[in-house]
Amino acid sequence: MLKVLRNLKQSWMVVIIIVLLLGFQATADLALPDYTSRIVNIGIQQGGIENSSPEVIRKSTMEDILLFSENQNNTLENYKLISKDSLEEKEYKKYVKKYPILETEELYMRKSLKKEEIEELSKQMAKPLMVFQSLTATENAEKIKEQLLEKLPEQLKATYEKATPLEIVKNILQMRQQITNPNIESKEDATKLLEKHYGMPSSQKQAWLKEITMQIDKMPESIMQQAAITAIKAEYEAIGINTEQYQTSYILWSGIQMLGVSLASIASGITIMLLSSRVAAKLGRTLRDKIFKKVLGFSTSEFKEFSTASLITRSTNDIQQIQMLINMLFRVVVYAPIIGIGGFFKVLATSNNSMAWIIGVAIGAILFIVMILFAIAMPKFKTLQDLIDKLNLVSREMLTGIPVIRAFHTEKREEARFEQANQNLMKNYMFVNNAMNLMMPILMLIMNGISLLTIWAGAHNVDTGNMQVGDIMAFLQYTMQIVMAFLMISMISIMLPRAGVSAKRINEVLEKKNRITDPKEPKHFDENKKGLVEFENVSFRYPDADEDLLTNITFTAKPRRNNSNYWKYRKRKIYYS
């Protein structure tokens, strides 16, 4: 096969362009599931809010959130405070149009940060925002207040009866900051301070705070992020931002990006198929030209070895198999590995690794089915081209020998010969086609089963808060891309044996050494011997003969003189005869 593919060197520039386009297309296709995940998770579920760090937040809300943060200073370093008095008139008009609350309150605006810095800031603010949301949300506030009051002594319950959960926790945290203040000289002072405000020893107070922190830390990251996003959305509405328009803008922009990537992938795919077809057609033309020129130099010995029918098959059907393989080869050899390996790493990087075993199950099932069918169909591929040779041979003998067949009245016997060759080829084709037709439904069944398994396992992860719906959709698309990559490799592995047999048969013709060859350094032509045919010590034997039929024959055949009367006589004689 490699010897045949060496003829592609005439199209090496086009091959490089095809490889680059395939890499671009694979990269574009791998990006599409990520866009789907972002549209579902961020655009639909999170209202277009990407991070757990708000772009803008009221000063009062920031102060409440920082009470639950362990990195207050780091958080504030990433924001700048703006107000009506600190802004110029032009800037103020621009900001107040976007944030109407700026007329009455000061706002913190997030500075221009890099992507990594925004992600780090989001991690810092996710937990404080979640706690803030839990304490301010109407559906959770009363339950949390009941739990907080149960922990307090009886003498303090009446004091906090009308307070909100946020006010209770703020009071507790402020008390905690006072206890850890270095100005307090002794533990006795801290204990007295706790008992004064809460009527309980410091050890009980610390255990209570530790329990609350542990409960928050046990929550899945996705739930924590969702709660933080809910808090940010409520804050945006309080500031005066149109959250519906904010969400629509995000979905529309993500959809436009996704459409652009899809169109780029389609354009590169069409270009790849066009260039691959041209390369395959050019290769076929080159091989046919080489075979034809090679056959022109064959002697009777070579023709007897290959037969005319076999040479016709090798020049047509075998080269056609190579062309069909080249049309698919570039796409599979370059595209499928990038999709398979890239999709697997994308799953590990962006999805829940606990579902990676599903991909292993899919790949194992596909390889198992393909190996079984490959073992069954491989022997048939090797005999397929020989059977085509046999059918062409019988057909040629019948067509060229029709007068003899009719003379000896052997039509029935020749029909039986043709029927036998035709039946053998048909049975072989039917067996191979049935095997291939059986493979596709089984592989589609595996793909659909993997889809159901992904949804089933993903639903459990969504229920426990370990994944979001968009992550399942992205994982499902990545899984299908990986499975399709292995399907493409499996299909090309089925085409390779037959193409390999064809390539071997083509190489047999091209590598055959002719018995009659022209001298490498021909002698200078003598113009005085124009028209002469000279034999010097020539010997001849039939291909299978043991001895020469003619030995050391030497003679010269001179051209006939240009006698016009002689040629007139010859023409007249031929005419009357």
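The values are calculated or read from the model by the stated rules, or taken from the named source; none is laboratory data. For clarity, every value in this text was computed on a predicted model and none was experimentally measured. Note that we place each Cβ from the backbone using ideal geometry, even for glycine, and neighbour counts take in every protein chain shown. Each accessible area value is taken on the protein alone, full model and side chains, heavy atoms only, with ligands, DNA and RNA left out. Shrake-Rupley method; radii C 1.70, N 1.55, O 1.52, S 1.80 Å.
Is it the case that some residue within the stretch 299-310 is of a type in the set (A, V, I, L, M), under 33 Å from the mean Cα position of the chain (by Cα) and either over 30 Å from Met62 (Cβ atoms) or at pLDDT 85 or above (or both)? No: zero hits.
A single member of Glu63, Glu50, Glu77 is open to solvent by 60 Å² or more (accessible area, probe 1.4 Å) and either closer than 20 Å to Ser134 by Cβ or in contact with a Gly (Cβ under 6 Å, 6 or more places away or on another chain) (or both), and it is Glu63. Restricting the stretch 451-489 to residues that are in contact with a Leu (Cβ under 8 Å, 6 or more places away or on another chain) and open to solvent by 50 Å² or more (accessible area, probe 1.4 Å), the residue that is nearest to Tyr35 (Cα to Cα) is Gln477.
Any residue that is assigned to a strand (DSSP E or B) and open to solvent by less than 70 Å² (accessible area, probe 1.4 Å) - is there at least one of those in the stretch 510-529? No - not one qualifying residue is present in the stretch 510-529. For the stretch 318-344, enumerate the residues that are crowded, with 17+ Cβ neighbours inside 10 Å and more than 16 Å from the chain's Cα centre (by Cα). Passing the criteria: Asp318, Ile319, Gln321, Ile322, Gln323, Leu325, Ile326. Within the stretch 274-294, residues that are at negative phi sit with their Cβ atoms under 8 Å from residues that are of a type in the set (Ser, Thr, Tyr) and open to solvent by 20 Å² or more (accessible area, probe 1.4 Å), at 6+ positions apart or across chains, in these pairs: Arg288/Ser315; Ile291/Ser315; Phe292/Ser315.
Does Ile256 qualify as being without any contact (Cβ under 8 Å) to a residue 40 or more places away in the chain and either more than 30 Å from Trp12 (Cα to Cα) or outside any helix (DSSP H, G or I) (or both)? When the stated conditions are applied, Ile256 passes them.
Met109: modelled with pLDDT of 90 or more and either within 43 Å of the chain's Cα centre (by Cα) or under 21 Å from Ala238 (Cα atoms) (or both), yes or no? Yes. Contact map, the stretch 353-368: residues that are surrounded by 11 or more Cβ atoms within 10 Å (Cβ to Cβ) paired with residues that are at pLDDT below 80 and not in a helix (DSSP H, G or I), Cβ distance under 8 Å, separation 6+ or inter-chain. Pairs shown: Ser354/Asn466.
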